[in-house]
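Below you'll find the structure, written out as C-alpha cells, and then a few comments.
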Amino acid sequence: MKYSIIIPSYNRKDLLEACINAVIENTYLTENIELIIVCNGCKDGSVELVKHYSNTNKCIKIISWPEPLGFVKAVNLGLIVSSGEFVILLNNDCFLLNKNWIEILEYPFTIHPKAGITGPALQRFTDKLQGFIFFCVMIKRNVIHTIGYLDETFEIGHGEDADYTFKAINAGYEMYQVPYNTETNFAANHDMISGAFPAYHKSFQTRMNIANISEVIKKNSAILRERYNLAS
C-alpha cells in the first residue's frame, strides 16, 4: 500500500459526505490507496453513510467507535490500522479541488531524502521550530516508526500537530510546505496558511460544537509552551 488517507469525524455528516465526495472525485482510488474514515461518537447517520461508501468501493474502510474520542485518539486509531508508505491526515472540513493534490504533497519526498512531513499550512514558532496544522498533511511512514503516534495528552485536539512536527524535526526529519518552492516560504510571503494548495479548509467546524473548547485550547497551548519553551 502506498497511501493511507485518514479522515477522523465526530458527527457533521454534511461535512463528511462533502469531504468524501471530494476525495473520490479528485483521487485515483486504486489498490495502492486506502481511505480510512474514523467515526467516533457519531450519532447523526455518519456511520451508515460511510458503510454505504465502503460497500461500493473496497478502498474505503470504516472504524466506528461508539463514544467521542477526540481528534487525537481518532487519528491514532486510523494510524494503527493504516498500512501506507505515506499517511495523509485530512480533516472532514477540508475539501479537495483537483486531482494533483497527492502529487503536490509527495513531491518534496522525491527530492529530499530527509523529508518527513509535508502540507499546505506550516507556521513558524521559532527560528528552528516550524509546526504544521494537520487539516491536511502527508507523513512518511518512517516518521511514525521513529516517533510514534500523536500525543494523546492533547485529547480533543489543539497543539498536537505542532508537537508532532517539533518531534519530527528534533528526530532529524525535514518539513516542506507545499506547493513546494525552493526559494521562498510561499505561505509566509503571502500572509497565508494554506498558500495555493488545491483545497478549501472550512476551519473549526467540528470543534465549534464542543462546549469546553476554549478551556482545552488554553490548557493545550500551555503544554506546548512549557514543553518547547515557547513565548506566550
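The values are calculated or read from the model by the stated rules, or taken from the named source; none is laboratory data. Predicted model only: the values in this text are computed from it and were never measured. Heads up, the Cβs are rebuilt from the backbone with ideal geometry, glycines too, and the neighbour counts pull from every protein chain shown.
Residue-wise test of (1) in contact with a strand residue (DSSP E or B) (Cβ under 9 Å, 6 or more places away or on another chain); (2) free of Cβ contacts under 8 Å to residues at least 24 places away in the same chain; (3) of a type in the set (D, E).
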residue: E34; (1), (2), (3): yes, no, yes
residue: S46; (1), (2), (3): yes, no, no
residue: H52; (1), (2), (3): no, yes, no
residue: E67; (1), (2), (3): yes, no, yes
residue: K114; (1), (2), (3): yes, no, no
residue: P120; (1), (2), (3): yes, no, no
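Of all residues being part of a loop (DSSP other than H, G, I, E, B) and within 14 Å of L69 (Cβ to Cβ) in segment 152-163, which is nearest to the chain's Cα centre (by Cα)? Just the residue, please. Steps first, answer last, please.
Let us first name the residues in segment 152-163 that are part of a loop (DSSP other than H, G, I, E, B), namely 155-159.
From the residues that got through so far, the ones that are within 14 Å of L69 (Cβ to Cβ) too are 155-157.
Details: E155: 15, I156: 14, G157: 12 Å.
So the residue we want is G157.
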Test for I144: is it assigned to a helix (DSSP H, G or I) and modelled with pLDDT under 95
no
Test set (1) modelled with pLDDT of 90 or more; (2) not in a loop (DSSP other than H, G, I, E, B) - Q123 fails condition number
(1)
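On the given criteria, is L105 part of a helix (DSSP H, G or I), crowded, with 23+ Cβ neighbours inside 10 Å and touching a residue at least 24 places away in the same chain (Cβ under 8 Å)? If you could, list the steps in order and put the result at the bottom.
On the way: part of a helix (DSSP H, G or I): yes; crowded, with 23+ Cβ neighbours inside 10 Å: yes; touching a residue at least 24 places away in the same chain (Cβ under 8 Å): yes.
Considered against the rule, which asks whether it is part of a helix (DSSP H, G or I), crowded, with 23+ Cβ neighbours inside 10 Å and touching a residue at least 24 places away in the same chain (Cβ under 8 Å), L105 comes out as yes.
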Taking Y28, is it of a type in the set (F, W, Y) and modelled with pLDDT under 95?
yes
Looking at this structure, is K58 within 18 Å of E17 (Cα to Cα), exposed (fewer than 15 other Cβ atoms within 10 Å of the Cβ) and among the charged types (D, E, K, R)?
yes
Count - residues of segment 125-184 that are surrounded by fewer than 23 Cβ atoms within 10 Å (Cβ to Cβ), under 20 Å from K202 (Cα atoms) and without any contact (Cβ under 8 Å) to a residue 60 or more places away in the chain:
0
Given (1) under 21 Å from K2 (Cα atoms); (2) modelled with pLDDT of 90 or more, K218 misses just (1)
Any residue at all in segment 71-90 that's touching a residue at least 12 places away in the same chain (Cβ under 8 Å), touching a helix residue (DSSP H, G or I) at 6+ places or on another chain (Cβ under 9 Å), within 20 Å of L15 (Cα to Cα) and assigned to a loop (DSSP other than H, G, I, E, B)?
no
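Counting only residues that are charged (D, E, K, R) and out of contact with any helix residue (DSSP H, G or I) (no Cβ under 9 Å at 6 or more places or on another chain), which one in segment 162-205 is modelled with the highest pLDDT?
Among residues in segment 162-205 that are charged (D, E, K, R) and out of contact with any helix residue (DSSP H, G or I) (no Cβ under 9 Å at 6 or more places or on another chain), the one modelled with the highest pLDDT is E183.
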Look at K43 and say whether it is outside any helix (DSSP H, G or I) and either buried (at least 19 other Cβ atoms within 10 Å of the Cβ) or within 19 Å of the chain's Cα centre (by Cα) (or both).
no
